[in-house]
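Enquirer: Please see the structure below; I have some questions.
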Amino acid sequence: MKLNLPVLILRNTVLFPDIEIKLEFETDIEKNVIYEAEAFHDNKIFIIALEDINQFSDIKNMPKFGVVAKILKRLELPNGKTRIFIKGIIRAHVIDYINTEDYIETIISTYSDINIEKNIESGTIKKLYRELDECIKKVPYMSNSILNLISDNNSLDKVTDIIVNNLQLDNNRLLLYVKEFNPLKRAEMIVEDIYKVEQLFDIENDIDKKVKRELDEDEKNFYLKEKIKLLQDELGEISLKEEEIINLKEKVDNLNADISIKNKILNEIDRYENMPGTSPEISIVRNYINFIISLPWGIYTKEETDLSKIKKRLDDSHYKLDEIKDRIIEYLAVKQESNDINSPIICLVGPPGVGKTTLVSSIANSIGRNFVKISLGGVDDEAIIKGHMRTYIGSTPGRIIDGIRRAKSSNPVFLIDEIDKMSNNYKGDPASALLEVLDSSQNKYFKDNYLEEEYDLSHVLFIATANDISKIPDELKDRLEIIYINGYTELEKLKIAKKYLIPSICKNHGIKNIKISDEEILNIIRFYTKESGLRELDRLLSKIVRKIVANKVIKSESINLDVDNIEKYLGKKIYESDELINEVGVVNALAYTNFGGDILPIESNYYEGSGNIIITGSIGDVMLESAKIALSYIKANAKLFKIDSNIFKSDIHINVPNIAVKKEGPSAGVAITTSIISSLSNLFISNKVAMTGEITLRGNVIKVGGLKEKIIGAYINHIDTIFFPQANIKDLDEVPKEIKDKIKFIPVKKYEEIYMYLTKVLVE
């Protein structure tokens, strides 16, 4: 039977069928796998274990076997980690791996039960029981609890997995058991391992006796060393440590590093060689040697020199985004002409889902460099950037130098994701730690605290991403070349869906293509998504394709999608075009959020009171000041707005709906003013009208930021008229033509212009 399941990768742990284990995760990739399994796969996931952690760097090298498991329980822990309890179900062969944006999926084939004659199965189980019983009696550190676990079980398939799970075997041996689908062959392997345990115990026992006869009181400190020597003599082999030292020194000879680096490593190897095996520092020194040798000293990938080919590859992978594409081409052109190795430090700023991360990966692929990514979301410790000193227990290298190790070259494209989501506390300021990394005059001599040696980062092309540029510290922002990537219009989303998303989704799901019209795609965009990017659209299209493929397999239906069937695949419409409030006292402000532009309805009302102003909606201090300025301006110009001054004796309540979300900024000033006037004078404002601009006590409308993003958000919400500050009129040049053709833009200097226009429209 074939299944399509998300993949969970385990390290240093091997899962078997019918065995339950507890796991904890903290990364977004692993959490995405868990949520995907719960939402779409009946809590089922596919578990694989890696022999080598570097297998994960290339999807082609990942294991072709694993275990289907089921999530029994999930807990969200206070420390931000996710804990799950899973149970293995059945072994499976991997047909293919699929690399999605957020995680890896696989197509697997589960095996049918292997038929074994009852008498053979029963005899084999009895044989295993007897051998285990003898081994437990002979070897004191073998637990007899394993006998209780298998005593009442008559399935050889389950018995072998229970035994293997309780034997003290290394991971490589355990993986061979996972790979073996035949329980009879697994039983043979178990018997071999039991014999090895007994044989090793006999050898160890003999060595103990020989060593004890030769030792006196003064030699007890060398007991373990003598024991190892005798073990080597017994086996006729050289010391494993001696062999390891030889291999390490050969690796150092082959390094393309400076002589000072090589001498540093050789000194550490000598220190490691002279350490007793019981020293608590031996693993620390060994890990350090492994890490420094694994760095790509002097290794550089060869770049593509044909700039036209690079431009074509970028255009084939991503729609538009011309500014960043042109900047990369300019950098490569200058590098070719001047041999200038100093790379720009680019920061892509834009709402989620617009393609920042995938674009950087495409840049690396286009120019022929390796790609590596780190995420700084939630990082509050500068040691995560620059590493820990080796004197600390559990010290590790920083993410920058570890990223270089994973990249396997000294000139990768290095993505620093979510640079705006760092924080600082008593552990230090990670943003300050990044200054050295992202300064081209300093990063040639970058020194990680763990590495303790300088490493040249000047050949690395660093590209950062952020959602909110205001949250990046000024001293760090000064080192960045900011490029804005804005949200997409409906027509842009349509083109991207047809040219990029749908072909990619179909390929990942094993089909050629689906027949879906422009109108159908636009219906999905309008009624099922409300975003500046494409992430939700991609998920919905994937959902449709999955259902179509399932129908094709189950019911032999043709791959076709009709307009009338959209709700069949996606359910009822989530967003309706007339959802904006259309009442007196309600006015649409234009807002800019981390997710792009949006509409922010502002409502006002008044009632008998003592002239108080009440403001609700989780607004910040700046927005509160805007509301007070708006009311003062209205009171001073009550005659102009045909408002009876006695009405100001009433209490006025201003509310910004969706109170769970914090709102801040001065740009809602004109909308708050219009909302109050609408309420006090019973002036109706169409919900197709929106406005933005800061207002002063004299009624001047001041320039605001993020106008392009706000206009795109208004377009998504079907606004047809926008008032904005005249000082922002140059920003209209950046707005796509299809939006300018459908929205009426009215620039204003004074608020009276807005009022006059609205009253004129009402009269007409």
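Enquirer: Work from the charge dipole of segment 325-429 (Cβ charges, +1 for Lys and Arg, -1 for Asp and Glu, about the Cα centre) and give the residue of THR358, ASN342, ASN424 farthest towards its positive end.
Expert: Result: THR358.
Enquirer: How would the chain be classified by its alpha-carbon gyration tensor: rounded, prolate or oblate, with rounded meaning a/c under 1.5 and the a/b versus b/c comparison settling the rest? Walk me through the numbers on the way to the answer.
Expert: On the way: a/c = 2.35, a/b = 1.82, b/c = 1.30.
Cα axes put the chain in the prolate bin.
Enquirer: Distance between the C-alpha centers of segment 719-764 and segment 1-55? Whole Å please.
Expert: Using only Cα atoms, the two centres lie 53 Å from each other.
Enquirer: Continuing with the same structure: Report the label-to-label distance for LEU491 and ASN646 in nanometres (one decimal), using points 7 Å from each Cα along the Cα→Cβ vector.
Expert: According to this spin-label approximation, the distance is 5.5 nm.
Enquirer: Whole Å is fine, so just give me how far the alpha carbon centre of segment 86-116 lies from that of segment 686-710.
Expert: Rounded to whole Å, the Cα centres lie 55 Å apart.
Enquirer: Taking LYS158 as the anchor, which lysines have their alpha carbon closer than 18 Å to its alpha carbon, excluding any fewer than eight residues away along the same chain?
Expert: Straight-distance partners of LYS158: LYS70, LYS87, LYS118, LYS126, LYS127, LYS179, LYS185.
Enquirer: Could you tell me the calculated FRET efficiency between GLU20 and GLN199, based on Cβ-Cβ distance and R0 = 30 angstrom, to the nearest 0.05? Don't jump to the answer; show the numbers that get you there.
Expert: Values: r = 32 Å, r/R0 = 1.07.
Here the calculated transfer efficiency is 0.40.
Enquirer: Mark the label point 7 Å from the Cα of GLU134 along Cα→Cβ and return the residues of segment 149-187 whose backbone N is within less than 20 Å of it.
Expert: 150-151, 160, 163-164, 167-168, 184-187
Enquirer: Just to be sure I understand the model, the point goes 7 Å from the Cα along the line to the Cβ. What's the resulting ASN144 to ARG539 distance in nm?
Expert: According to this spin-label approximation, the distance is 5.5 nm.
Enquirer: Is there a quick way to get the dipole size of segment 291-350? I mean about its Cα centre, with the Cβ of Lys and Arg at +1 and of Asp and Glu at -1; what is the value in debye to the nearest 20? Before the final figure, lay out each step's value.
Expert: Values: 9 positive and 11 negative charges, 36 e Å.
Roughly 180 debye for segment 291-350.
Enquirer: Whenever you get a sec, compute what percent of the accessible area on the chain sits on carbon and sulfur atoms (1.4 Å probe). Mind showing how you got there, number by number?
Expert: Numbers: 18650 of 38450 Å².
In the chain, the share of accessible area belonging to carbon and sulfur is 49 percent.
Enquirer: Under 5 Å between amide H atoms, partner at least 5 residues away or on a different chain: which partners does PHE446 have, H built in plane at 1.01 Å?
Expert: The list, which skips near neighbours in sequence, is TYR455, LEU457.
Enquirer: Take the Cβ-Cβ distance between SER440 and ILE259 as r, set R0 to 22 Å, and report the resulting FRET efficiency rounded to the nearest 0.05. Mind showing how you got there, number by number?
Expert: Working: r = 26 Å, r/R0 = 1.20.
E(calc), rounded to 0.05, equals 0.25.
Enquirer: Something else now. Name the residue from ASN148, LEU570, ILE245 whose Cα lies farthest towards the positive end of the charge dipole of the chain, charges +1 on Cβ of Lys and Arg and -1 on Cβ of Asp and Glu.
Expert: Ranked along the dipole, the leading option is LEU570.
Enquirer: Order these peptides, 640-650, 182-192, 344-354, by their mean beta-carbon neighbour count within 10 angstrom, highest first.
Expert: Working: 640-650: 13.7, 182-192: 16.7, 344-354: 22.4.
Descending packing order for the listed peptides: 344-354, 182-192, 640-650.
Enquirer: If a/c stays under 1.5 just call it rounded; otherwise compare a/b with b/c (prolate if a/b is bigger, oblate if not). Do that for segment 1-48, with a ≥ b ≥ c from the square roots of the Cα gyration tensor eigenvalues.
Expert: Numbers: a/c = 1.75, a/b = 1.07, b/c = 1.63.
Note, shape of segment 1-48 comes out oblate.
Enquirer: Next question, about the same structure. Can you give the accessible area per residue of the chain, in Å², using a 1.4 Å probe?
Expert: Details: 38450 Å² over 764 residues.
With all protein chains present, the chain gives 50 Å² per residue.
Enquirer: Okay, next question. Just subtract the alpha-carbon distance of ILE729 and GLU243 from 0.36 nm times their residue separation and send over the number in nm, one decimal. Could you put the intermediate results ahead of the total?
Expert: Details: separation 486, 0.36 × 486 = 174.96 nm, distance 7.33 nm.
Stretched out fully, the ILE729 to GLU243 stretch lengthens by 167.6 nm.
Enquirer: While we're on this one: In whole angstrom, how far apart do the alpha carbon centroids of segment 329-393 and segment 60-78 sit?
Expert: 30
Enquirer: Could you pull out which residues in segment 321-335 have an amide N less than 14 Å from a spot 7 Å beyond the Cα of SER504, following the Cα-Cβ vector?
Expert: Under cut-off, by backbone N: 321.
Enquirer: So what is Rg over Rh here for segment 579-639, counting just Cα atoms and using Kirkwood for Rh? Intermediate values should be presented prior to the final figure.
Expert: On the way: Rg = 13.6 Å, Rh = 13.7 Å.
With Rg and the Kirkwood Rh in hand, the quotient comes to 0.99.
Enquirer: Now a separate question. In segment 618-681, how many lysine pairs have Cα atoms under 18 Å apart, counting only pairs 8 or more places apart or on different chains?
Expert: Numbers: LYS628/LYS649; LYS628/LYS663; LYS635/LYS649; LYS639/LYS649.
For segment 618-681, qualifying lysine pairs total 4.
Enquirer: In nm, give the distance between the simple-model label positions of ILE89 and VAL661, each being 7 Å from the Cα along the Cα-to-Cβ direction.
Expert: So the label points at ILE89 and VAL661 sit 3.8 nm apart.
Enquirer: Under 18 Å between alpha carbons, and skipping anything fewer than 8 positions from LYS209 in its own chain: which lysines qualify?
Expert: LYS138, LYS220, LYS225, LYS227, LYS229
Enquirer: Moving on to the next point. Round to the nearest 0.05 the FRET efficiency obtained for LYS447 and THR301 when R0 = 22 Å and r is the Cβ-Cβ distance.
Expert: On the way: r = 24 Å, r/R0 = 1.09.
The pair LYS447/THR301 has a calculated efficiency of 0.35.
Enquirer: Full-extension gain between LYS210 and LYS737, please, as 0.36 nm times their residue separation minus the C-alpha to C-alpha distance. Spell out each step's value before the answer.
Expert: On the way: separation 527, 0.36 × 527 = 189.72 nm, distance 8.97 nm.
Separation in residues times 0.36 nm, less the Cα-Cα distance, equals 180.7 nm.
Enquirer: Is the shape of segment 10-77 rounded, prolate or oblate, going by the alpha carbon gyration tensor and its root eigenvalues a ≥ b ≥ c, with a/c under 1.5 for rounded and a/b larger than b/c for prolate? Spell out each step's value before the answer.
Expert: Working: a/c = 1.61, a/b = 1.40, b/c = 1.15.
Note, shape of segment 10-77 comes out prolate.
Enquirer: Using amide H atoms built 1.01 Å from N in the peptide plane, name the residues 5+ places from GLU664, or on other chains, whose amide H lies under 5 Å from its own.
Expert: GLY620
Enquirer: Taking the Cα centre of segment 271-399 as origin, work out the dipole magnitude from +1 charges on Lys and Arg Cβ and -1 charges on Asp and Glu Cβ, in debye rounded to 20.
Expert: Numbers: 17 positive and 16 negative charges, 55 e Å.
The dipole magnitude comes to about 260 debye.
Enquirer: Please name whichever of LEU169, MET756, CYS506 sits farthest to the positive end of the charge dipole of the chain, dipole taken about the Cα centre and charges placed at Cβ: Lys and Arg +1, Asp and Glu -1.
Expert: Checked the options; the winner is MET756.
Enquirer: Using per-residue counts of other Cβ atoms within 10 Å, averaged over each peptide, order 412-425, 313-326, 144-157 from highest down.
Expert: Values: 412-425: 20.6, 313-326: 16.9, 144-157: 13.7.
Those peptides, ordered most packed to least, come out 412-425, 313-326, 144-157.
Enquirer: Explain nothing, just the number: dipole magnitude of the chain about its Cα centre with +1 on each Lys and Arg Cβ and -1 on each Asp and Glu Cβ, in debye rounded to the nearest 20. Each step should come with its number before you reach the end.
Expert: On the way: 105 positive and 121 negative charges, 447 e Å.
Magnitude of the dipole: close to 2140 debye.
Enquirer: Further question: Taking 0.36 nm per residue of separation and subtracting the Cα-Cα distance, what length does fully extending ASN290 through GLU337 add? All intermediate terms of the calculation are to be shown ahead of the outcome.
Expert: Working: separation 47, 0.36 × 47 = 16.92 nm, distance 3.88 nm.
Using 0.36 nm per residue and subtracting the Cα-Cα distance, I get 13.0 nm.
Enquirer: On each of the three principal axes of the Cα atoms of segment 488-543, give max minus min coordinate, whole Å, ordered largest first.
Expert: The Cα atoms of segment 488-543 stretch 29, 19, 16 Å along their principal axes.
Enquirer: Using Cα positions and a limit of under 22 Å, work out the lysines in reach of LYS555, with same-chain residues fewer than 8 apart set aside.
Expert: Output for LYS555: LYS2, LYS507, LYS512, LYS515, LYS543, LYS547, LYS568.
Enquirer: Turning to a different aspect of this structure: Local charge sum around GLU531 (other residues, Cβ-Cβ under 13 Å, Lys/Arg +1, Asp/Glu -1)?
Expert: Details: positive: LYS493, ARG526, LYS530, ARG535, ARG539; negative: GLU490, GLU492, GLU536, ASP538, ASP598, GLU709.
Once positives and negatives cancel, what remains is -1.
The values are calculated or read from the model by the stated rules, or taken from the named source; none is laboratory data. Here the structure is a predicted model, which means the values were calculated and not measured. Counting neighbours? That spans all protein chains shown, and the Cβs are built from the backbone with ideal geometry, glycine included. These accessible areas exclude ligands, DNA and RNA; they are computed on the full protein's heavy atoms, side chains included. Shrake-Rupley method; radii C 1.70, N 1.55, O 1.52, S 1.80 Å.
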